[in-house]
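Data block below; observations after.
The values are calculated or read from the model by the stated rules, or taken from the named source; none is laboratory data. Small disclaimer: the values here were computed from a predicted structure and weren't measured. Here the Cβ positions follow ideal geometry from the backbone for every residue, glycine too, while neighbour counts run over all protein chains shown. The area values use the complete protein model at the heavy-atom level, side chains included, leaving out ligands, DNA and RNA. Shrake-Rupley method; radii C 1.70, N 1.55, O 1.52, S 1.80 Å.
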There are 2 protein chains.
Amino acid sequence: RRGSQAAGAGDASGGGRGGAQGMLRGLLHHLRSRGEDEKTKSWKKLVNVSVSGAAGMISNHLLFKLASGEVFGQDQPIALKLLGSERSLQALEGVAMELEDSLYPLLREVSIGIDPYVIFEDADWALLIGAKPRGPGVERAALLDINGQIFAEQGKALNAVASRNVKVIVVGNPCNTNALICLKNAPNLPAKNFHALTRLDENRAKCQLALKAGVFYDKISNMTIWGNHSTTQVPDFLNAKINGRPVKEVIKDTKWLEEDFTITVQKRGGVLIQKWGRSSAASTAVSIVDAMRSLVTPTPEGDWFSTGVYTTGNPYGIAEDIVFSMPCRSKGDGDYELVKDVAMDDFLWGRIKKSEAELIAEKRCVAHLTGEGNAFCDLPGDTMLPGEM
Amino acid sequence: RRGSQAAGAGDASGGGRGGAQGMLRGLLHHLRSRGEDEKTKSWKKLVNVSVSGAAGMISNHLLFKLASGEVFGQDQPIALKLLGSERSLQALEGVAMELEDSLYPLLREVSIGIDPYVIFEDADWALLIGAKPRGPGVERAALLDINGQIFAEQGKALNAVASRNVKVIVVGNPCNTNALICLKNAPNLPAKNFHALTRLDENRAKCQLALKAGVFYDKISNMTIWGNHSTTQVPDFLNAKINGRPVKEVIKDTKWLEEDFTITVQKRGGVLIQKWGRSSAASTAVSIVDAMRSLVTPTPEGDWFSTGVYTTGNPYGIAEDIVFSMPCRSKGDGDYELVKDVAMDDFLWGRIKKSEAELIAEKRCVAHLTGEGNAFCDLPGDTMLPGEM
């Protein structure tokens, strides 16, 4: 299976002069990687970012942000490795051509392909966006299985060929359990390096609090999304702050906080699909950039961010061995630590336990994909969030 | 016609709690515009950017770039005013919600509507992206008429309500002649302030030269696109430079320069549509950002950029009173001056004359929309570039 499906973007461009153009591009990359250009000699080592679902709409926003330096800064050259399917290979070529036409000086290489064992090679970051969306009449258990197989396969590929310190962000839904499957299939990589994206939920929660309180977005801090990226997610208004003050001191409307706020955040994606006719690709891409930036820049003093991480030794008594969104901080080195001293009350804890129960049920449902025996699927209500195409 | 079609984005969000949310948003904007936030008191005056076709794919990339500060910098607050159609109003609400969820600190207001007399009010920039794409069997003359009417209407609206120094960038095709129609219908605004976007062509030309020469994109300078944004466009390899040297000294393959290069640039959009299944929205958005940035930042010493501008007193003998892409420089104040001393040879001039003839024919074809009598449509071959949805 390891083979020649990856092609330099050059092969794809040039309107029919594929062969010569491909060779030329090869040369160009060679020159570039050897630092032929004086200006780049002092630059940082190329960062390899692999993206699955690269022909989809989220990626169509995300790739241009990555190439423009939004995550890693204006002195960090980048290589993009784009994973698609047989069906999307032509579209991937189109994406690669558009990236070329955008003249991003930081973008040194674009490669495309359909084999994760090629595209994930030496990946410093793997952004796993591609997943089968849920068709009409598809049971949630069936979708867990279908997508789980994709992430099991990609976990194995990462385990085999990625950088030994690759950071993995799983976006394709159900992302927490997909991340769990992925890390279980990559035993030689640190489980700590796998994330499930809950940053869009965090951003949406901050937005709603800012609107309700009538303050700027950046006055909201310490916003945690606990649990599963599903409708059981728990936006934490007990610990969040507005202008440095507890939310409950600023927003006195407890009913709004306990009911409307949470529902609005949980349902935001569905409302958007209704209005916009497709899912929220642009703001998802923004939140992926935010999530990555939170890992490569130091977290502001006293603040934190949310990310779905592998539970092992958490101080809150949340079940071990699942992927659960929690408050984290980073020194900006790509790594993170759990924030261990946030407050808990019965209301918050009750909700967290529901999301935990759901994740444990999802885990039992994919046991055949994590090497833990036979699957037993007994999921609570249907809580999955609208998927991305 | 001036009325209440514009709505604060807040009206659109909040999943059903429209009324209260809308009022709240109104308050929020009020607070913001009064500089309630200490940090913003020293900030620049809000810049108003109106965008037509705001629910389309180009805008879906562009709006997030504008909101993130890519054009005007990280100290410039921005208001986005989004023009759509009855049909796209729901989608516009979705876009506004996604912009909210992205928590851009520079984005102070988002308004949406279907009346250009409302949405263009006090516009400092008008980015006219919306145009009817060409359906099967539609004659080019018919499309010129249909889209021309849109741009005549929008020119009148700009004339009535926009900032007296509004900068207008026409993207909707055929963009040169649409820009001409627009400026003719806005007699109280400086004709000099109207642009037709040829920056994507310039970027594509730079990309092809960089690939051919095996150098970084940013080693290509002095790239002019002359003429019409159509297949008669003239990418100028006589004056362009690679590493400061004339292209012809670096690329000895004259046949490639005279034939393949130009054709590749002209046809790039069509090839992309074939591969990608839709038009090149992301790279078009990048090129709009580039075009705007070229007007608000000083042009590097000795370099220039291409933009379609109103011809009046140009030193090259190009026909007056059309919109023609030419080499320009800017002091970074939003204004520009023509570069007046570029070399010309028979090959270049011959091609320029063909593009000029086409634009003069297009102009005769829309005389009824520019107030210059009866239209007479006798267009040369069909040279229009693939349109954007």
Outside the structural domain of B:SER50 (by TED's automatic domain parsing), touching a helix residue (DSSP H, G or I) at 6+ places or on another chain (Cβ under 6 Å) and open to solvent by 50 Å² or more (accessible area, probe 1.4 Å), is that true of B:PHE376?
yes
Run A:ALA357 past the list (1) small (Gly, Ala, Ser); (2) in contact with an Asp or Glu (Cβ under 9 Å, 6 or more places away or on another chain); (3) surrounded by 15 or more Cβ atoms within 10 Å (Cβ to Cβ) and report the number of the one that doesn't hold.
(2)
Within the set of pairs 6+ apart or on separate chains, which have a first residue in the range B:125-148 that is not assigned by TED's automatic domain parsing to the domain that holds B:ALA285, a second that is of a type in the set (S, T, N, Q) and part of a loop (DSSP other than H, G, I, E, B), and C-beta atoms under 8 Å apart?
B:GLY130/B:SER85; B:ALA131/B:ASN173; B:ASN147/B:ASN173
Verdict on B:GLY94 being within 14 Å of chain A (Cβ to nearest Cβ) and in a loop (DSSP other than H, G, I, E, B):
no
Among the residues of the range B:117-169, count how many are in contact with an Asp or Glu (Cβ under 9 Å, 6 or more places away or on another chain), outside any helix (DSSP H, G or I) and more than 20 Å from B:MET384 (Cα to Cα).
5
Residue check, B:PHE64 against (1) crowded, with 24+ Cβ neighbours inside 10 Å; (2) assigned to a strand (DSSP E or B), all met but one. Which one?
(2)
If a residue must be over 17 Å from the mean Cα position of the chain (by Cα), in contact (Cβ under 8 Å) with a residue 12 or more places away in the chain and in a helix (DSSP H, G or I), how many such residues does the range B:176-209 contain?
5
From B:SER59, B:SER68, B:SER52, B:SER102, grab the single residue that is modelled with pLDDT of 95 or more and closer than 30 Å to B:ASP378 by Cα.
B:SER52
Working only within the range B:211-263, note down all residues that are in contact (Cβ under 8 Å) with a residue 60 or more places away in the chain and either open to solvent by 10 Å² or more (accessible area, probe 1.4 Å) or outside the structural domain of B:TYR316 (by TED's automatic domain parsing) (or both).
B:SER221, B:HIS229, B:THR231, B:THR232, B:LEU238, B:ASN239, B:GLU258
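Conditions tested, residue by residue: (1) more than 14 Å from chain A (Cβ to nearest Cβ); (2) open to solvent by 20 Å² or more (accessible area, probe 1.4 Å); (3) not hydroxyl-bearing (Ser, Thr, Tyr).
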| residue | (1), (2), (3) |
| --- | --- |
| B:ARG268 | no, no, yes |
| B:ILE288 | no, no, yes |
| B:VAL296 | yes, yes, yes |
| B:GLY302 | yes, yes, yes |
| B:THR307 | yes, no, no |
| B:CYS328 | yes, no, yes |
| B:LYS331 | yes, yes, yes |
| B:PHE347 | yes, yes, yes |
| B:ARG351 | yes, yes, yes |
Can you find a residue that is within 26 Å of A:PRO174 (Cβ to Cβ), in contact with a Cys (Cβ under 6 Å, 6 or more places away or on another chain) and among the β-branched types (Val, Ile, Thr) anywhere in the range A:320-338?
no
